[in-house]
Structure formats: structure tokens, C-alpha cells
Amino acid sequence: MSKKKIAIQGELGAYSHIAAERLYKDADIKTCSTFEETFKQAYNDPNFKIVIPIENSLAGRVADIHYLLPKYKLQIHGEYFLPVEHNLLGKLDARIEDIKYVRSHAQAISQCQNIIAKRKFKSIISLDTAGSAKDLAEGKDKSIAAIASDLSAKMYNLKILEKNIEDEKGNVTRFLIMGKNIEQPEYQDKKTYITSCIFRLKSTPSALYKCLGGFATNQINLTKLESFSVKNTFDQTNFYLDLEGHIEEKKVQKAMEELGFHTESLDILGVYEASEFRQK
């Protein structure tokens, strides 16, 4: 049996790498430098899936992802929630007292502000956490540290100067598993499903209020509703929506039909089983 092909953003050792390995053991992992490159990999090659972060419980949504969802229209095959434990990594001969600069992805920097302020570190923004660790390992400056996973410390032979430096416990990142092909599970009564879509409202008064009415009257729980501006405009807005339910359910079909009356565009991104993490 051939290995699963998975594309991630970032170097090996990134949190996306950890999530991908927990989802698909012994997968063939391809690293990409940007989120757009990751999306393109699955768009151009249907044999690839991508494991991509979409939101974090402390820092909110991950930049760029919401603009790439409507652009490439990949299908969501599932979700995975990864508890994130940030570590301060240094050179093998470094002490925490030596550190003046800390390097990492913007999300990781924002999630570790307490230690940065306490130690008066200067922040350096990088493309990803593991890439910061790799750059640190290849350099000679022991006044620089990286915020990354313990896997990155092992992979790049770095010392963990301090563990679990995130500002708050319960730091969790939600990942989406996506691909070009539709993989929609058949509806089963005892299972919980998420249906995800992106829509753009018609430019009419009370359009958002009216389109949400269908979910209320059909007693459908919305687990996420988020707006983001259409690029290069200030007067058009897209909405990303997650609802609890399966598109094969009559009540979901009625609500989506009502939504369609008030939208200029509506794209179903996927129907997939809800993660057990949601029950915690």
C-alpha cells in the first residue's frame, strides 16, 4: 500500500508536521515555504492532501488561510485539534541569560508575550516555528533563541531552555485536512458532522440577519461564523461558516436553501465528522 502524500507549510518539526504524523503515520511529508504553495500542491496534484492550521484558541485565525479557501476551493476532509506546547530553544552551549532575541512565527510570538516581556527579548518574525529552529541550529549566535516544538529541538539538536512558555494553558490549534477530491461521509444518525461553507451576501439591507434566520428556524447550531473582506475592496465581504450537521439532513438542506436566497455566491467546502475534541 502506497504512503499517503501530505503537504504542510513549514519545515519538518513544525506543529503542522506533528499534526500530520498523528493523523497519518509513515506519511510522505512534503514541506512548503508558504501557505499558498501548500494549497497549490493539492490543487495541482489530487494525490496530495494538506494539513493546514486555520485557527488558534489564543491568537485567533491564522492569517492568509481565509483568502486561500475561496481561491483554490479545496475540499475539507476532516479536522484535527492539536494542543500546542511552545518551548524556548537555544544553542547547546547557551543559557537563558544569554538570550537577547527570540525568533518564531508571528502566531507563536503572540502566544508567548509574557516571557518575552519578562525577559525583555526582542522579537524576530519568521515564516514558521520549525524554520526558526533550523536557522538557529545553522547559525552561531547563541544570543538568539527560537520558539518551537520539542520535536524541533530533537530534529535540529537544540537545547530546551524553558518548556511550555505559552501565555495560557489550553493553547490549541485547529487544523483542516483538505484535498482536491470530494470525500463526503454517508450520514449516520449517531455521529456528529460539520458542514463548512463560504458565502458572499447580496448587497441588500439586513441580508446577514435574513440569511441566518434559516439556521434558527431549523434549529441548527453554528459553531463558527467569521467575516473577511474581499481582497482590494472595502464594500464586499465573504463569510466562513461551520455548522453542526450533514448536508444530507433535511433541516440542513432547508437552511442552506434559505441562505442561497440572500447570497451572491455560496460554496460548500466540505462535510466531515466532527472531531472528538469538540466533546471535551
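The values are calculated or read from the model by the stated rules, or taken from the named source; none is laboratory data. Note that the structure is a prediction, hence the values are computed from the model and not measured. Glycine also receives a Cβ, built like all others from the backbone with ideal geometry; neighbour counts cover every protein chain displayed.
With respect to residue 63, determine if the residue is outside the structural domain of residue 266 (by TED's automatic domain parsing), in contact (Cβ under 8 Å) with a residue 40 or more places away in the chain, crowded, with 17+ Cβ neighbours inside 10 Å and out of contact with any strand residue (DSSP E or B) (no Cβ under 6 Å at 6 or more places or on another chain). No.
Condition first: in contact with a strand residue (DSSP E or B) (Cβ under 7 Å, 6 or more places away or on another chain) and more than 19 Å from residue 129 (Cβ to Cβ). Now tell me which residues in region 68-91 satisfy that. Across region 68-91, the qualifying residues are 69, 70, 73, 74, 75, 76, 77, 78, 79. Just to be sure, is residue 50 more than 22 Å from residue 110 (Cβ to Cβ) and in contact with a Cys (Cβ under 9 Å, 6 or more places away or on another chain)? For residue 50, the condition - more than 22 Å from residue 110 (Cβ to Cβ) and in contact with a Cys (Cβ under 9 Å, 6 or more places away or on another chain) - is met.
Among all residue pairs at least 6 apart or on different chains, which show Cβ distances below 6 Å where the first residue, located in region 241-264, is in the same structural domain as residue 227 (by TED's automatic domain parsing) and farther than 12 Å from residue 193 by Cβ and the second is polar (S, T, N, Q) and surrounded by fewer than 17 Cβ atoms within 10 Å (Cβ to Cβ)? Within 6 Å, no pair qualifies.
Could you pull out every one of the strands (runs of 3 or more DSSP E) wholly within region 146-251 that has 1 or more residues that are in contact with a helix residue (DSSP H, G or I) (Cβ under 7 Å, 6 or more places away or on another chain), under 30 Å from residue 99 (Cα atoms) and modelled with pLDDT under 95?
Fully inside region 146-251 and qualifying: 172-179.
Being within 17 Å of residue 19 (Cβ to Cβ) and of a type in the set (S, T, N, Q), is that true of even one residue in region 132-150? Yes, some residue in region 132-150 is within 17 Å of residue 19 (Cβ to Cβ) and of a type in the set (S, T, N, Q). When restricted to residues that are within 14 Å of residue 10 (Cα to Cα) and in contact with a Leu (Cβ under 9 Å, 6 or more places away or on another chain), region 116-146 contains 4.
Just one of the numbered conditions (1) in a helix (DSSP H, G or I); (2) in contact with a helix residue (DSSP H, G or I) (Cβ under 9 Å, 6 or more places away or on another chain) is not true of residue 66: (2).
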